[in-house]
1. Here are B:146, B:121: which of them is surrounded by 24 or more Cβ atoms within 10 Å (Cβ to Cβ) and either in contact with a strand residue (DSSP E or B) (Cβ under 6 Å, 6 or more places away or on another chain) or facing chain C (nearest Cβ under 7 Å) (or both)?
2. Got a number for residues in the range C:881-926 being part of a helix (DSSP H, G or I) and within 14 Å of chain B (Cβ to nearest Cβ)?
3. Return yes or no: is residue B:70 in contact with a strand residue (DSSP E or B) (Cβ under 6 Å, 6 or more places away or on another chain) and touching a residue at least 24 places away in the same chain (Cβ under 8 Å)?
4. So, in the range B:386-412, of the ones that are part of a loop (DSSP other than H, G, I, E, B) and touching a strand residue (DSSP E or B) at 6+ places or on another chain (Cβ under 7 Å), which residue ends up nearest to the other protein chains (Cβ to nearest Cβ)?
5. Consider the range C:666-699. How many of its residues are under 15 Å from residue C:892 (Cβ atoms) and buried (at least 20 other Cβ atoms within 10 Å of the Cβ)?
6. Name, by its number, the condition in (1) outside any strand (DSSP E or B); (2) at negative phi; (3) within 11 Å of chain B (Cβ to nearest Cβ); (4) touching a strand residue (DSSP E or B) at 6+ places or on another chain (Cβ under 8 Å) that does not hold for residue C:933.
7. Pull out all pairs, ordered by first then second residue, where Cβ-Cβ is under 6 Å, the residues are six or more apart or on different chains, the first lies in the range C:687-704 and is under 17 Å from residue C:761 (Cβ atoms), and the second is assigned to a strand (DSSP E or B).
8. Which condition number does residue B:318 fail, the rest of (1) surrounded by 24 or more Cβ atoms within 10 Å (Cβ to Cβ); (2) more than 7 Å from chain C (Cβ to nearest Cβ); (3) more than 18 Å from the chain's Cα centre (by Cα) being met?
């Protein structure tokens, strides 16, 4: 059971989060300008390292913020976590 | 030595002192016609069929640790071909047919037993999906039967058939020819078969690099030195991304942890393999008497081969909900496997952008049952430098082309397949 | 002292043991009644009663007796209890005795004394390890027949046949330091951590703290060690923030300091129904100290499985803790010092110690000296070749051996029997490294102990440390000192700066003689007698050697091939010995052969405890709408949709299912109906950039949506497949309300949050899921306006509330939102009221609609009507593999600008002409049904595989059209209207000829929507 540091709420149990996968694939600004190969690479090819991995999680049972987490896929150690951008105030 | 009751009796007289080695442990040669990376079931089967079907015997299987030590060793060993999409159905059916003759073919009892794989339906939508799948299977020449509630109840008496259950059981789809086999026996059988045809199985030989000249692969760097190769095939399961990365390729694969749960052995009480997609749970009883249970992937990238409590609780909760009398049985072992989850839930057995480099990966949950078919098709693809009709759809470029084989319809989110 | 425990307990000693002799407990084993005392285990009580034979072995069905006093017990597995509460495979040393306990041996038939399966023993040469791979291959049916017999022999005990009547609880806890094990090291660690101010949880599987001290006669502070134990416990129990969990086994260590502990509630007897039977603790600890002790191992010699062969320390435990003598005359066989202590304790309690057989040529040290002083005969440099006896040990056959345990070739000549009725063995100790290994700590080989110990240089990523025997300390003084240090360090690492000085208690250091690593006694005739490594799986030295000859040379292959270590004691006893034999056979040092990593759990855990309360009806929460009670009271038949339960239809009288659905459909088409649609997802969007955001997530245009108007929208996944659909209503200048399908409500919300937070943080849009805030219902049918007029406080004429318009009002006095949206194809109004008013509003509507015969309808009728209208839904048609074009939505796609999934639509496969396209189907012969889930083929010929043209997605009987209709996805379907196909359902043995038609069966012009 992972313990993930939510930058907004503090350390929380894994069960409060949902996984969002590789954090290193921002959506292209203009998909129409991409070739089929480039679009496919963005859509289907992800980082899959045996080691440290930057990934997205959503604190879905908490503040519902999407956060970045650097986690080791061999040891599950959470190296760091961060807010993706300053929280908007409503 | 041919294995039989007679050889067993002959050896009994000699106190079993004269059994030959099941396979050799040779040092690697400097060059092979084909090098297969990965000594699990798929890699060994590929080598076996390269030798047997294509006469290519100058083959090495390189294994980082020991053969069969990866996912083959922690699988729930279920064999079935109950797929809806035609590309999957025909491939897995071919594999199932190979299973049915595998013990004789390998002269090694892989203990395949068609005990029936029963998929439970809990809602009308499940029933309709199962009907569609069962009908597609039948039209593809695969056995399938729709069971109603009483038929499910009589086939698996321990199920909670209460109509007021949280997920009441309305019926099921049965593939009678589906079943289970022994995971280690499959590995050993293929290893012995490949070895006896001249294939070198190299243990403790980790691939550390892939030497390329332009679009051609020259061979592999390993912890036992450079090994030249006419062709190189990857059958490295969850480590496919890592190995392909050495050749500069990115694969549409993510590695995710999946746990199998094994109970203490009890007297036989559950014959069929029972699965439920609604609660994500699959339960069977091994020949030794252990219950073998698995469910969903843990849900995040992992190479750790270790289980995870939330999924364990969920899957066991589901198993106990389905089988309330199993609650007092005890979990003996957790096995943590790492699944190579593809972007559409279907496998890849394909040529790559490099001339003489081939990949076999993306098995998701389906790797064990695919072992014979995967090896058979991969051997064909490597030997002929083109896919067989059965794996023609399992290409790498299907994602680019928009021809994904998405059995679950979950889209490019690998941990949802 | 002499052994006299009364007639019923012949092996009981008068004044030893931590049992309550005032409380006699009666129990039944294999049908015979016995008695024991409070504080006994089933094993100690059986031994006290002189019961030797407790089970049969798995493969050969050999007679077996109790070997150990703990979780490592391989033989004494019993079936406990009867009926629904029966439990298989429990280990007798771990079962606390209670009054009325009923247990029986397993794996024997008809009885443990006369077991037919013992014929396997005669055949045993034919059944070496891996025999099943080599035979039963020709013909296939031969294997399947044999397999049936092998299978019948499988398993140990019986599973209960009835549902478990007991409950299991889960509990969460947090602490600074979790200490696993309350032996000397664990107690010291807990004490040190507690004094440093740490919140401590101390968990131990025993019913009493003290661990190994309970079975020994050690001295601490020149006093009985138990005194010290009690002092420590008293202090711990009074310290704030310390929790001592007894009968609580640390089962697993997971990631990031999470441990699960299984607590047995009560003393072993069935618990009263208000209590859970077991409680699974989920403890998040900052630091973990593993002080789980060590497990004694055996030495392999001929027939070493004869009842009466026991581990020496276990015999010592039975004597000191339970006041039970293992026999009258003991032969002790050892390669290390610890068995001397057992011999001395037995000697002092009146057991005659015939001799200590020590493989070491020159034993020495304080224990040795004490044995000599007590007059015990020691045969140094000797080994036990074989246990002699028929049904139980009668003598040990002893001969001189060399330092590798090999007897000379003339062993027969030099061997002599040493008589005794119990043979106690010690082959050294293995630290219980399981938890350390689970936490991914590395092991290293310790030459002195000849075993693997935790490698402190390779600590696991979780904050875990080992202390005491679990870390390889074999002297009490070291255990205590290590425990104190570990506790102090753990508290400090947990962030507690206070560091108290604790003086270690006074424990005398023994002078010792090193262990001699002998794993088996070998002599020329050894192969005639089975030398067991794994008693439970009947794996012998010869089996391991055979595996090596066949090439199974890695430890995993050997263990897999022989089943060594695969038993329910998880290899506690045999693993290291098997490894050592393997290492010897392949002539490789043990550390290079390697070891296995241990996976959870430490000892087997009931599935019930893992599931806890979240199984059965509580496996998933059941979501109910605000109107659920009304549905239940009015004949609703419910159906699960995701977590929701929804009314499928309402049965009136003795109506059959389809009759009810047809009645509901006709009521809506001809009059008016009301359906509960609260389960649809609802998302509130506010902010400057809502319109722009909607443009990016839907395929159609939302820039032109006016305030007070609604619009249908379709979302794709990035791979171009239809993801979800719903309506969007513009409530205000910067305020929108979106609906989603029931199935995808949470997935859509999460996806939109992702896009706004990660991809487009510059957009000014705020999302709130308001699904639960509103009760929603749809009033549909030509008479719907007439009903609405009666309850609404606003003008609902078509001029004021046209198709796809939205108004706020009060309905029957309740603030409401009214949307003129239709799914049924009739004039219809979707009405949202605050959830708390849902049922009252529903009832008010039903009352107001009585003159119009307002009819409640369920999801089935809704489904029929949407099929009649050719509306796709997520699931059957939008199955995750369908593009908007496939579903006939191509004209809806906006011409300009990007949206999620647009780029993928131009991939060749998605733009291909041979895509499946949604069409309607009707049967060629009007009275025939269209089988649900059927596949479409051109001709029903009888050769497989069939080329399939498409599939039936949704099929129903349409009371409106008067025949079966279906929506289907068919290759190039839109070009095939008028063509005939066959809908085939081999499962139902049906094939029906159908005609391809337009998917909109009813009112294609949409005249009824607008009224």
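The values are calculated or read from the model by the stated rules, or taken from the named source; none is laboratory data. Quick caveat, the model's predicted, so the values are computed rather than measured. Positions of Cβ are generated from backbone atoms using ideal geometry, with glycine treated the same way; all protein chains shown enter the neighbour counts.
1. It is B:121.
2. 8
3. No; evaluated as a whole, the condition is false for this residue.
4. Once the filter is applied, the top-ranked residue is B:396.
5. Residues of the range C:666-699 under 15 Å from residue C:892 (Cβ atoms): C:694-695, C:697-699.
Add one more test, that the residue is buried (at least 20 other Cβ atoms within 10 Å of the Cβ), and what stays is C:694, C:697-699.
Final tally of qualifying residues: 4.
6. (2) is the only condition that residue C:933 fails.
7. Qualifying pairs under 6 Å: C:687/C:766; C:690/C:736; C:697/C:715.
8. (2)
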